[in-house]
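In what follows, a structure is listed as structure tokens, so that the remarks can point back to it.
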Amino acid sequence: MRAAVRTSPLAVAALVLLLLLLVIVRLPWAGDLGMHAATIERLRHSLVRPGNPLVDADTPSPYYSPWMLLLGCLARVTGFSVFVVLRIGAVVGLGLLVTGVWRYVRTLSARRAAPALALLCLLFLWGPVLFAWSGFLGLNSLALTVSYPSVFALGLAFHFWAWLAGAPRGPAGWGTWLGLGALWAVILLCHQFSGVVASLGALATVIAARPDRAVWARLGGGLVVGVVVLWLWPYYDFFALFGAGEDLESVHRVLYRDPVGRFGLVLVGVVALVVRWRRDRWDPLVLFFALGVMVFAVGGLSGDYSWGRVLPAALIPAQIAAAVEAVEPRALRTGWVCGLAGALAVGAWTQVGTVGYVVGRGVLPDAVAEKYRAPWVGYHWITPWVKYGDVVMARTFPARQIPAYGAYTVAPGYPDFFLADEGRRVAAVRRYFAAGTSAGERREIVRAYGVRWVVDRGERLRGVGGLRVVTRGPGGQVLYAVVR
């Protein structure tokens, strides 16, 4: 039994990582991939003033992070396509995440199987209802977001926590603490929501260590360095993001729905946290969990639903606690391992459709295929005609993908806090596609935004003057050229 506990997690974790590497080869498209691809495209063409990543406007953007800047430099130097660069970034992000989990769990347990089992808990200990969101580490979610900055930021966060866990106890000088402060700032700049999770984990780690006065002084110095780095970052005003909450609440309200279905299996980890709390009132995982639950609950009660993105700060410590407690010898006498294995099996079955991103839906058994969610098709079919910098009139869904190929859209496919005329642009797109809009008003909109192309589904624009059909794409979509 003990030999199985030591070896099985390592073998299963290796297979899961192989699956994720094969997913990266396919790079399924869903969610925000187009935004990140567009960001790299803008940086490839201009590192100094890339402008808005989605629309033809000279505005800052929080997507211009240190990580995206590195990937933009890679694209510029190598000439690789943006999707090749995203694959490279995905491999780096996944490697950073796995090594970060290994390092952090080693600060909590010396058991050989603990890091591998913790990785499996992070991927599978979720719920019986499939859930995918950037910054949430379920297997299906990770498969779709592995090339996102959130994965890179969470990987850095685990390394940050591991480094921070040893600093108060060791002979860490000012250099270590100042470096920790700079790393904290980089995480926040790369993905703001994951940066908040990293901050709560860091706070829990420091409180649990109960450092002496000298350490608190160095910690203060590290915080000052971090704030300075945030203030000096030239691509966007980090502190202006504190005023962006109202634009994000409706998007994030869904995070407070069906918590049992989406996260119910994490209760196994909550039980483990109770065991750890009874053993040590200053346990870092318990403190981390308490901080995460508190912030998440305040967001729900106050209607600040974007605070729901802090939920990984409650999930991660519970998932890791489940793994760490399972490898302890006393757990083998209580049946804890069997209970955890059952919960992991349920979570794995919920997310088994992820295999379809490697082999395709057609070869999956019917029971597995039902759990498969097809990725987006993309808009590569317009690229023979639509060139970099062209402006395309498109509705919200295609507007989330078209900028990945270098074009702009009239209105952004995602909320943009720094785009002052976002509302006017959205209204212009709505008016253009409305059935009762006159030909003159459509021409005025086309002129105002320099539109060269129009993408729409079906024949809804049949008979509209000033348009010429160029080609047809998947799902009955049509690319029109604007005839001037």
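The values are calculated or read from the model by the stated rules, or taken from the named source; none is laboratory data. Not measured: the values here are computed from a predicted model. Positions of Cβ are generated from backbone atoms using ideal geometry, with glycine treated the same way; all protein chains shown enter the neighbour counts. These area figures cover heavy atoms from the full protein model, side chains too; ligands, DNA and RNA do not enter into them. Shrake-Rupley method; radii C 1.70, N 1.55, O 1.52, S 1.80 Å.
What value does the chain have for Rg/Rh, both radii from Cα atoms and Rh as Kirkwood defines it?
Numbers: Rg = 24.0 Å, Rh = 24.0 Å.
Result: Rg/Rh = 1.00.
Region 358-435: percent of C-alpha pairs farther apart than 18 Å?
Of all Cα-Cα distances in region 358-435, 55 percent exceed 18 Å.
Across region 251-258, in residue order, what do the Karplus-derived ³J(HN,Hα) couplings come to in whole Hz, using 6.51 cos²θ - 1.76 cosθ + 1.60 with θ = phi - 60° and x for Gly and Pro?
Going residue by residue, I get 5, 9, 4, 4, 5, 9, 9, 6 Hz, with x marking Gly and Pro.
What FRET efficiency comes out for the pair Leu21/Val260, r = Cβ-Cβ distance, R0 = 35 Å, nearest 0.05?
On the way: r = 32 Å, r/R0 = 0.93.
With R0 = 35 Å, the Cβ-Cβ based efficiency is 0.60.
What accessible surface, in Å², does a 1.4 Å probe find on His45, ignoring ligands, DNA and RNA and rounding to the nearest 10?
90
So what is the 222 nm mean residue ellipticity for the chain from helices alone, if each DSSP H run of at least 4 adds -39500 (n - 2.57) and you divide by all residues, rounding to the nearest 500 deg cm²/dmol? Don't skip to the answer; put the middle values down first.
Numbers: 21 runs with 277 residues, N = 484.
That comes out to -18000 deg cm²/dmol.
Assuming 0.36 nm per residue, please report the length gained on full extension of the stretch Arg106 to Arg279 beyond their Cα-Cα distance.
On the way: separation 173, 0.36 × 173 = 62.28 nm, distance 1.89 nm.
Taking 0.36 nm per residue and subtracting the Cα distance, the gain is 60.4 nm.
Taking only the alpha carbons of region 136-262, what extent do you get along each of the three principal axes, in Å, biggest first?
45, 34, 25
Could you please state how large a percent of the accessible area of the chain is carbon and sulfur, counting protein chains only and using a 1.4 Å probe? All intermediate terms of the calculation are to be shown ahead of the outcome.
Numbers: 13000 of 20520 Å².
Here it works out to 63 percent.
For the chain, what does the accessible surface come to per residue with a 1.4 Å probe? Please give it in Å².
42
Please list, ordered by chain and number, the residues whose modelled amide H lies under 5 Å from the amide H of Trp376; skip anything fewer than 5 residues away on the same chain.
Counting only residues 5 or more places away or on other chains, the set is Trp29, Ala30.
Rounded to the nearest 5, what is the percent of antiparallel bridges among the DSSP beta bridges in region 362-484? Don't jump to the answer; show the numbers that get you there.
On the way: 10 of 15 bridges.
Of the beta bridges lying entirely in region 362-484, close to 65 percent run antiparallel.
What ³J(HN,Hα) values, in whole Hz, does the Karplus curve 6.51 cos²θ - 1.76 cosθ + 1.60 give for region 390-399 when θ = phi - 60°, with x put for Gly and Pro?
Coupling constants for region 390-399: 5, 9, 10, 7, 8, 6, 4, 4, x, 5 Hz.
Can you give the angle from 0 to 90° between the axis of helix 33-45 and the longest principal axis of the chain, with both taken from C-alpha atoms, to the nearest 10?
Approximately 70 degrees, to the nearest ten.
If the viscosity is 1.002 mPa s and the temperature 20 °C, what Stokes-Einstein diffusion coefficient in µm²/s follows for region 98-160 when Rh is the Kirkwood radius over Cα pairs?
Details: Rh = 12.2 Å.
Rounded, D is 176 µm²/s.
Starting from 0.36 nm per residue, how many nanometres of slack lie between Val271 and Ala240 once their C-alpha separation is accounted for? Present the calculation step by step, with values, prior to reporting the outcome.
Details: separation 31, 0.36 × 31 = 11.16 nm, distance 3.95 nm.
Full extension of this stretch gives 7.2 nm more.
What fraction of the DSSP beta bridges in the chain is antiparallel, stated in percent and rounded to the nearest 5? Working shown, then result.
Values: 11 of 16 bridges.
Roughly 70 percent of the beta bridges in the chain run antiparallel, per DSSP.
How much length is gained on full extension from Leu232 to Asp212, taking 0.36 nm per residue of separation minus their Cα-Cα distance?
4.1 nm
Set the Förster distance to 30 Å, then compute FRET efficiency between Ser250 and Arg49 from the Cβ-Cβ distance, nearest 0.05. Working shown, then result.
On the way: r = 32 Å, r/R0 = 1.06.
The calculated FRET efficiency here is 0.40.
Quick one: which residues, 5 or more positions from Leu467 or on another chain, have an amide H under 5 Å from its amide H? H modelled 1.01 Å from N in the peptide plane, none for Pro or chain starts.
Close amide H contacts, sequence-distant or interchain: Val483.
Ratio of region 1-145's C-alpha Rg to 2.2 N^0.38 Å, to two decimals? Walk me through the numbers before you get to the answer.
Details: Rg = 18.1 Å, N = 145, 2.2 N^0.38 = 14.6 Å.
Dividing the Cα radius of gyration by 2.2 N^0.38 Å gives 1.24.
Simple spin-label model, 7 Å along Cα-to-Cβ: Ala11 to Ala30 in nm?
Using points 7 Å along Cα→Cβ, the separation is 3.0 nm.
Near the amide H of Met393, under 5 Å away, which other amide H atoms are found, from residues 5 or more places off or on another chain, if H is placed in the peptide plane?
Arg452, Trp453, Val454, Val455
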